[in-house]
Amino acid sequence: MSSEKKADSRMLNYTELTSFFENMGMMVKSGISVSEAMSLLKEETPSSEQALKNAFDTMADDLYMGKPFGDAMRDTGAFPDYSVDMISTSEYTGKLESTLFHLADYYRTENSMKTTLVSAVRYPVIMLLMVIAVLVVMLALVFPAFYGVYENLAGSLSASSYGYINVSFTLTKVMLGIMIVLLAAMIAGITMWRGGKKDTVRNFLSKFSSFRELFRSMDLYRFTSCFDMFLSSGEHQDEALVKSMPVVETEALRALLQRCKEKMDGGMSFSQTAYEEHLYDQTNNRMLIPAERSGMLDTIMQKILSNLKVSIEKSIGHIANTVEPLLTGVLMIFIGIMLVSLMVPLIGIMNSIG
């Protein structure tokens, strides 16, 4: 690879990975060789997508020189290690076509989960901005206007019986400060997540049970999907487990999988170790051993993946459905308090005049 290509190389995102594996799978299925398919993709990629084009150029050159597809992918530095390992294994076992489509489905699901999670985060940020805007308007415009009215009607506000308006004013300032701190914390967390400090953010959020369960479900889904893909590619169970472990980011789940590996090294099957270590919930665990004995493990793994995906969507929905009403309720309560504190003195003055 040239120095220019190295400078522009980067890891492909989920959308690009989905498109790549989908296109390669369709062309391989239609009888086009991997080398020819790669050349077609290279020609169709616009020069504006320089990093993507460089990755395809490198693969096309390597394939032309006779390198295996998996090695050509590895040379680009643009593909995750487990996708490279799966392609290399599938080339050896003759299951390249099914592996390409399986990888496309995997990254499509990953992209869908990422989009759902981003949407769940975006709404609280928007809500916080709205709350801050309302509080700023109250402090900058509404309170000064009412102070002027009350001073004209009742002399000095501080000497009147309406001093609790000052309490409302103070509460509003405190609330504004809290909202600004929360917004800053969320922006900082998003920045850290995108800046490569996911572990720090995950460790903090994992202190809350809802996020802890969400992260575990997402990691378990990734592991199960990778494990199933390796098995489909012809890999042995113990090797498939070892090669799937790098996708796991949760420390507790990684430790559990390590115990599974040690038991498998002792001669146990994956379904037995998963059942004993309670890798999945009770419903999914029950299906593993009968499925393996009946030769339907691949079918059950797909069922477990479907259940995990539903669980992830429920966890994200639960978090979003908790945060949204909470922020809305807080906003309504504080607006109500401010309105009452502003209107009651005016009612008292009008009654005195009447």
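The values are calculated or read from the model by the stated rules, or taken from the named source; none is laboratory data. Predicted, not measured: the structure shown is a model, and the values here were computed from it. Methodologically, a virtual Cβ is constructed for each residue, glycine included, from the backbone with ideal geometry; neighbour enumeration extends over all protein chains shown. Note: areas computed on protein heavy atoms with side chains; ligands, DNA, RNA excluded. Shrake-Rupley method; radii C 1.70, N 1.55, O 1.52, S 1.80 Å.
Calculate one ³J(HN,Hα) per residue across the range 206-219 by plugging θ = phi - 60° into the Karplus curve 6.51 cos²θ - 1.76 cosθ + 1.60, and present them in order as whole Hz with x for glycine and proline.
Whole-Hz 3J(HN,Hα) from phi for the range 206-219: 5, 5, 9, 4, 5, 5, 4, 5, 5, 4, 5, 5, 5, 5.
Measure up Lys263/Lys309; Lys95/Lys309; Lys114/Lys197; Lys67/Lys261; Lys198/Lys309; Lys114/Lys198 against 23 Å on the Cα-Cα distance and list the ones that go over.
With Cα atoms farther than 23 Å apart: Lys263/Lys309; Lys95/Lys309; Lys67/Lys261.
Rank Ile87, Ile337, Ile300 by mean-square fluctuation in a GNM of the chain with C-alpha springs under 10 angstrom and give only the top-ranked residue.
Ile337
Roughly speaking, what is the stretch gain from Asp199 to Ser306, that is 0.36 nm per residue apart minus the C-alpha to C-alpha distance, in nm to one decimal?
35.9 nm
Mind listing the phi-derived Karplus ³J(HN,Hα) values for the range 28-34, rounded to whole Hz, using 6.51, -1.76 and 1.60 with θ = phi - 60°, and x for any glycine or proline?
Per residue, the Karplus-derived 3J(HN,Hα) values read 5, 5, 7, x, 7, 5, 4 Hz.
Within the range 228-328, what whole-number % of the accessible surface is contributed by carbon and sulfur, with the 1.4 Å probe and all protein chains included in the calculation?
53 percent
Probe radius 1.4 Å, ligands and nucleic acids ignored: give me the carbon and sulfur share of the accessible area of the range 39-159 as a rounded percent.
Using a 1.4 Å probe with all protein chains present, the range 39-159 comes out at 59 percent carbon and sulfur.
Probe radius 1.4 Å, ligands and nucleic acids left out: which of Val323, Val84 has the largest accessible area, and how do the rest follow?
Result of the area sort, largest leading: Val323, Val84.
State to the nearest 20 debye the size of the charge dipole of the range 1-139 about its Cα centre, where the only charges are +1 on K and R beta carbons and -1 on D and E beta carbons.
Magnitude of the dipole: close to 520 debye.
Heavy atoms of the protein only, probe of 1.4 Å, neighbouring chains included. What is the accessible area of Lys263 in Å², nearest 10?
60 Å²
Working with all protein chains in place, sort Leu40, Leu139, Leu128 by solvent-accessible area computed with a 1.4 Å probe, largest first.
Per-residue accessible area, sorted high to low, gives Leu40, Leu139, Leu128.
Find the accessible area per residue for the chain; the probe is 1.4 Å, ligands and nucleic acids are left out, and the unit is Å².
52 Å²
Determine by what factor the alpha-carbon radius of gyration of the range 88-128 differs from 2.2 N^0.38 Å, reporting the quotient.
1.89
Can you pull the accessible area of Tyr82 for me, 1.4 Å probe, Å² to the nearest 10?
40 Å²
Just to check I understand the Karplus step: with θ = phi - 60° and J = 6.51 cos²θ - 1.76 cosθ + 1.60, what whole-Hz values come out for the range 170-184, glycine and proline as x?
So the J values, rounded to whole Hz, are 5, 4, 5, 5, 5, 4, 4, x, 5, 5, 5, 5, 4, 5, 4.
On the full set of protein chains, 1.4 Å probe, figure out the accessible area of Arg222 and give it in Å² to the nearest 10.
Looks like 40 Å² after rounding.
Can you pull the one-decimal nm distance between simple spin-label points at Ile178 and Ser98, each 7 Å off the Cα toward Cβ?
Label at Ile178, label at Ser98, 5.7 nm between them.
What is the range 1-156 by shape, rounded, prolate or oblate, if you read a ≥ b ≥ c off the alpha carbon gyration tensor as root eigenvalues and call it rounded for a/c under 1.5, prolate for a/b larger than b/c, and oblate otherwise?
prolate
Lys and Arg at +1, Asp and Glu at -1: add these up for the other residues within a Cβ distance under 12 Å of Ser35 and post the number.
-1
With all protein chains present and a 1.4 Å probe, how do Ile190, Ile178, Ile289 order by accessible area, largest first?
Ile178, Ile190, Ile289
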